[in-house]
Amino acid sequence: MKFLKWLDNFWYHHKWKTIISLFLIVVLTVCIAQLVEKEDYDACVMYVGAATNGIPKSIEARLEELMGGEKYNVNFSRLTYDPDNNLASEANVTAQKQLANMIVMPYYIYIMDKEVYELYKNSGVFVPLSDIYGEDLPEFANDDFSLIYSETEFAKTHTDDDALPEGAVIALKVKPYSWSKKAAAKEEAKYSVHEELFKKIAWQ
């Protein structure tokens, strides 16, 4: 009985402190669990366009094969494009907001519908092909920053990717600015992996 009386007294004086503490513990536990379960991808590729429902997710496995086998882990994501210059994932965002997202998101290789690419081609977000290939640019270059995806060796050898609209292009994103040397070195390593994958997609 003394314990119940003590518990009742404790609850009366510390009810909200206890509730808030328990809530924070639950939130912290969930966050830690999500961080532990979060996959560390070797490469991240994003398709942005209108045909997201028709593009097979199995493209991830083929990209992993292209990188060298099962030891590599590729994330292939899709973002739906709305003809009103909106892009949508769970909710519509403006093209300007998506540009800001592109700069900080982990995706370095973008396959985009031509209409979407036109919105961003002069934004400075993509690497010039000359920085990747020097003066020997592929004949199927779309412009100074992108290749015609359907003309890449990867697209030609994977016919079930033909759900991609005619004229879709592929481009490599520039490295985001990093405040510290450690972060800059990490981004440089990520960029190098994606640059190599970009070349393999083009030529294999």
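Just so you know, all these numbers are worked out from the coordinates, no wet-lab data involved. Remember, it's a predicted structure, so these values are computed and weren't measured experimentally. Positions of Cβ are backbone-derived with ideal geometry, glycine not excepted, and every protein chain shown enters the neighbour counts.
Once the C-beta distance of residue 118 and residue 157 is scaled by a Förster radius of 35 Å, the resulting FRET efficiency is 0.80 to the nearest 0.05. Positive contributions from Lys and Arg (+1) and negative ones from Asp and Glu (-1), summed over other residues with Cβ under 11 Å from the Cβ of residue 145, come out at -1. Couplings 3J(HN,Hα) for region 178-188, derived from phi with the Karplus relation 6.51 cos²θ - 1.76 cosθ + 1.60 (θ = phi - 60°), are 10, 7, 10, 5, 5, 5, 5, 5, 5, 5, 4 Hz, where x marks Gly and Pro. Quick one: which of 114/186; 156/182; 71/114; 121/175; 114/156; 114/181 span more than 27 angstrom between C-alpha atoms? Checking Cα-Cα distances, 114/186; 156/182; 71/114; 114/181 exceed 27 Å.
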